Amino acid sequence: MSRPLDGSSATEPTTGRRPTQAERNERTRSALLESAARGLSRYGYGNLVLEQVASEAGYTRGALYHQFRDKEGLALAVLDWVDETWRQEVGTLVNQQPDPLAGLLTLARGHAVYCRRDVARVAIALRLEFSGQDHPVGRRLEQVAESLVKRCTRLIRAGRRTETIPPGPPAREVALAYIGAIEGVVIELAGHAPHDEVLAERAAAGVLGLSREAVVVR
């Protein structure tokens with residue numbers, strides 16, 4: 001059976017049901033987003049070649065432009081996609097924890113695991129590229145980053161109220177340092193699992209002002 005020009009299979013492999021147009025569009029969009037995320041992580045925005053993004057996803061450049069207006073639109077969609085996958089894979093785990101401190105330590109470990117994938121490094125790569133620039137991609141990055149800072153700030157304040165996190169500098173400043181410490185570990189220990197996960201938790205605990213005894217070794 002020949003493969004359709006849009007890169008999708010003619011029928012679903014398990015049911016034999018022909019996918020709907022909406023399903024084919026979603027499949028195409030997801031493949032292009034993942035390919036673009038890998039490209040942005042490796043090469044940055046300025047060096048991203050849309051034809052290469054489409055080719056590595058198994059589609060034509062025309063299929064890419066059918067989904068996204070231009071490189072800027074694609075990059076913005078990638079940021080939203082990465083943010084959503086992070087919320088699903090890491091944020092959900094944090095929400096399941098019994099207390100704020102457990103949530104913050106889980107976030108540190110979960111973020112390290114998530115960042116083992118190329119696609120997860122998009123924000124780090126683009127933040128360096130767009131630092132100090134007034135650009136739609138840079139503004140969207142700031143929004144995503146601010147959302148995480150606020151989340152961590154809330155958890156730190158809640159942990160201080162329950163006295164599981166000791167008092168110290170303002171919660172927002174601690175949240176910024178906490179995120180910076182985790183990302184520093186992730187960058188320096190790329191390719192060094194499982195040590196990246198363990199040391200991300202330790203770095204987070206240090207910024208939060210915890211004693212070594214307060215961190216449960218897992």
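Quick one: net charge around Val186, please, counting Lys, Arg +1 and Asp, Glu -1 for every other residue with C-beta under 10 Å from its C-beta. Don't jump to the answer; show the numbers that get you there.
Working: positive: Arg116, Arg121; negative: Glu183, Glu188, Asp196, Glu197.
Cβ neighbours under 10 Å give a net charge of -2.
Annotation for Gln88 and Glu163: the two label points, set 7 Å from Cα along the Cα-Cβ direction, are 4.2 nm apart.
Averaging the sequence gap over all C-alpha pairs within less than 8 Å and six or more residues apart, then dividing by the number of residues, gives the chain a relative contact order of 18 percent. Using R0 = 41 Å, the C-beta based FRET efficiency linking Arg18 and Leu128 works out to 0.40. The helix-based estimate of mean residue ellipticity at 222 nm for the chain, built from -39,500 (n - 2.57) per DSSP H run of four or more residues and divided by its residue count, is -20500 deg cm²/dmol to the nearest 500. For the chain, the longest principal axis of the alpha carbon atoms and the long axis of helix 171-188 meet at an angle near 60°. Mean projected area of the convex hull spanned by the Cα atoms of the chain, taken over all viewing directions: 14.4 nm².
What are the semi-axes of the equivalent ellipsoid for the stretch 48-93, taken as the square roots of 5 times the Cα gyration tensor eigenvalues, largest first, in whole Å?
Working: eigenvalues 124, 25, 13 Å².
After diagonalising the Cα gyration tensor, the semi-axes are 25, 11, 8 Å.
Relative to the longest principal axis of the Cα atoms of the chain, the long axis of helix 21-43 lies at roughly 60 degrees.
Below 13 angstrom from the Cβ of Cys115, what's the summed charge of the other residues (Lys, Arg +1; Asp, Glu -1)? Summing Lys and Arg as +1 and Asp and Glu as -1 gives -2. Each peptide in 144-156, 109-121 gets a packing score, the mean of other Cβ atoms within 10 Å over its residues, and the list from highest to lowest is 109-121, 144-156. If a spin label sat at a point 7 angstrom from the Cα of Asn25 along the line to its beta carbon, the backbone N atoms of the stretch 67-84 nearer than 15 Å would be those of 67-69.
When each of the peptides 55-65, 29-39 is scored by the mean number of other C-beta atoms lying within 10 Å of its residues, the order from highest to lowest reads 29-39, 55-65.
Full extension from Ile187 to Gln52: what is 0.36 nm times the residue separation minus their Cα-Cα distance, to one decimal in nm?
That works out to 46.0 nm of additional length.
Coordinate-derived values only; no laboratory data. All figures in this text were calculated on a predicted structure; none of them were measured in a lab. As a convention, Cβ positions derive from the backbone with ideal geometry for all residues, glycine included, and neighbour counts pool all protein chains shown.
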